[in-house]
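Worksheet for the structure shown next.
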Amino acid sequence: MLNKQMKQYIVETIEEQQNLHNKKMELYKEEKDYVVKHQLLSADNMDKVTLIEKDASSRFIDAYIERCDKETEDLIAKAAPDFLNQPITYLKTNMNEFVYLESKWFDIIDVDAISIEADDVFEIYTVMLGLKCQKKYAGLLKSYLEQNLHGEEEAKFNILFNQDDGLWNVNFSLDYINGYSEELSIGEAYRLIYQFLFKLGETIEEK
């Protein structure tokens with residue numbers, strides 16, 4: 001679950017940054033807030049270390065990105081990180097495409113990859129992902145989505161547990177997340193989704 005992943009992340013961050021002697025540790029906002037809230041640094045380290053919030057725009061700088069055909073799911077082209085600067089409306093202009101993104105950050109929130117496409121019927125943006133979460137948490141998962149997605153009931157979300165791989169296949173509407181705007185870039189949309197799923201993991205864990 002999230003706490004275990006975050007503890008591992010802190011260990012790796014300390015080893016990678018090697019700067020505890022400089023009394024600074026750089027973390028993104030979601031991870032920084034979680035570390036403080038759950039006191040993941042020892043009391044001794046908390047006294048020594050200043051947590052610095054990293055620029056959110058750099059989170060997916062090394063992500064693996066594909067543009068794919070919606071009908072066949074065939075690869076159209078691999079995309080460079082600067083593709084994330086495209087406006088989210090790119091997907092409505094190119095209705096035949098969806099964006100597929102893999103990132104090391106998804107390991108923290110127990111997600112394999114995240115895709116976004118523009119829905120032809122509802123004219124909204126649909127987020128698609130596989131969530132590593134036990135079947136017994138179905139009620140909590142549904143409750144979180146119902147309470148934190150704000151829009152038409154029939155278009156809000158769809159979840160299905162895949163018994164074979166132990167993943168929840170989750171689809172939900174990007175438009176119904178707090179903070180969504182048609183002015184977002186694709187990268188900003190992915191960061192909003194990450195924030196939404198991070199909070200989902202924390203909510204399930206606390207319940």
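The values are calculated or read from the model by the stated rules, or taken from the named source; none is laboratory data. All values derive from a computational prediction rather than experimental measurement. Note: ideal-geometry Cβ built from the backbone for every residue, glycine included; neighbour counts use all protein chains shown. Accessible surface areas use protein heavy atoms only, side chains included; no ligands, DNA or RNA. Shrake-Rupley method; radii C 1.70, N 1.55, O 1.52, S 1.80 Å.
Specify which of the listed residues (C133, C68) is more than 18 Å from the chain's Cα centre (by Cα) and open to solvent by less than 20 Å² (accessible area, probe 1.4 Å). Before you say what the answer is, go through the steps one by one.
Details: C133 fails: more than 18 Å from the chain's Cα centre (by Cα).
Selected residue: C68, the only one of C133, C68 that is more than 18 Å from the chain's Cα centre (by Cα) and open to solvent by less than 20 Å² (accessible area, probe 1.4 Å).
For region 107-125, enumerate the residues that are surrounded by fewer than 20 Cβ atoms within 10 Å (Cβ to Cβ) and not in a loop (DSSP other than H, G, I, E, B).
Matches in region 107-125: D107, D112, A113, S115.
Being of a type outside the set (F, W, Y), buried (at least 18 other Cβ atoms within 10 Å of the Cβ) and at pLDDT 95 or above is the requirement here; does I61 meet it?
Details: of a type outside the set (F, W, Y): yes; buried (at least 18 other Cβ atoms within 10 Å of the Cβ): no; at pLDDT 95 or above: yes.
When the stated conditions are applied, I61 does not pass them.
Looking at K199, K207 in this structure, which one is at pLDDT 95 or above, surrounded by fewer than 21 Cβ atoms within 10 Å (Cβ to Cβ) and in contact with a helix residue (DSSP H, G or I) (Cβ under 9 Å, 6 or more places away or on another chain)? Even if it seems obvious, please write down each step before you answer.
Values: K207 fails: at pLDDT 95 or above.
The unique qualifying residue is K199.
Please verify whether region 161-170 includes one or more residues that are loosely packed, with under 13 Cβ neighbours inside 10 Å and modelled with pLDDT of 95 or more.
Taking every residue of region 161-170 in turn, none turns out to be loosely packed, with under 13 Cβ neighbours inside 10 Å and modelled with pLDDT of 95 or more.
Which of the residues belonging to region 92-105 are surrounded by 15 or more Cβ atoms within 10 Å (Cβ to Cβ), assigned to a helix (DSSP H, G or I) and without any contact (Cβ under 8 Å) to a residue 60 or more places away in the chain?
Across region 92-105, the qualifying residue is only K92.
Would you confirm, using the coordinates I've provided, whether F172 is without any contact (Cβ under 8 Å) to a residue 60 or more places away in the chain and either among the aliphatic types (A, V, I, L, M) or assigned to a strand (DSSP E or B) (or both)?
In short, yes.
Out of curiosity, is S181 buried (at least 17 other Cβ atoms within 10 Å of the Cβ), small (G, A, S) and modelled with pLDDT of 95 or more? Step through it out loud before you land on a result.
Details: buried (at least 17 other Cβ atoms within 10 Å of the Cβ): no; small (G, A, S): yes; modelled with pLDDT of 95 or more: yes.
No: the conditions fail for S181.
May I ask you to say which residue of K24, K37 is open to solvent by 50 Å² or more (accessible area, probe 1.4 Å), among the charged types (D, E, K, R), at pLDDT below 95 and in contact with an Asp or Glu (Cβ under 9 Å, 6 or more places away or on another chain)? Break it down stepwise before answering.
Numbers: K24 fails: in contact with an Asp or Glu (Cβ under 9 Å, 6 or more places away or on another chain).
So the residue among K24, K37 that is open to solvent by 50 Å² or more (accessible area, probe 1.4 Å), among the charged types (D, E, K, R), at pLDDT below 95 and in contact with an Asp or Glu (Cβ under 9 Å, 6 or more places away or on another chain) is K37.
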